[in-house]
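This report refers to the structure that appears directly beneath it.
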Amino acid sequence: METYQDFLEKVRTQGNLKDLKEARNATEVVYRTMRDVMSNEAIDRVADELDEKAPDKVEDLWKDTNPLVSFLSHIRPNLHISPDNFLVRLRQEGNLPGADAETIIKAVFSATKDELSQERVQEVAEYLPGKISEMWQEA
């Protein structure tokens, strides 16, 4: 049993997904895209806070499972991703046919914000592009 099952259940329910596997898949893609637009320092602060505040080990979802991608993301500057590309990445990489990307992103955002301090929530919002930042604030 995954220690972050409660977190994924929130994402599954709010994102209208069929199971926890889809919720995990969607969360990993949303988190990867979020990390791509954030500074390494901000990424580390979110990870530290998830580790401290989230008893169910949500930080395991925050960390990239691909060692090469993780290494490359730490040596390159943060990317500038348009809100539309943020949505496209979830649609393409999430393997969630017929799912509503905006609903899923808001579900991941909502579940994540439940685990973070207000200071970290504000910091993340500053990195997210346009409409995606608005979705973060609304979640």
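Here are the numbers for this structure:
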quantity: Residue within the range 90-102 that is over 18 Å from TRP62 (Cβ atoms), over 13 Å from the mean Cα position of the chain (by Cα) and modelled with pLDDT of 90 or more present; calculated: yes
quantity: Hey, THR13 more than 18 Å from VAL121 (Cα to Cα), of a type outside the set (Gly, Ala, Ser) and out of contact with any Phe, Trp or Tyr (no Cβ under 7 Å at 6 or more places or on another chain) or not; calculated: yes
quantity: Residues located in the range 13-28, provided they are assigned to a helix (DSSP H, G or I) and farther than 9 Å from VAL108 by Cα; calculated: THR13, LEU20, LYS21, GLU22, ARG24, ASN25, GLU28
quantity: The range 1-22, residues that are under 10 Å from LEU61 (Cβ atoms) and either buried (at least 19 other Cβ atoms within 10 Å of the Cβ) or basic (Lys, Arg) (or both); calculated: TYR4, PHE7, LEU8, VAL11
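The values are calculated or read from the model by the stated rules, or taken from the named source; none is laboratory data. Owing to the predicted nature of the structure, the values given are computational and were not obtained by experimental measurement. We place every Cβ from the backbone using ideal geometry, glycine too, and count neighbours over all the protein chains shown.
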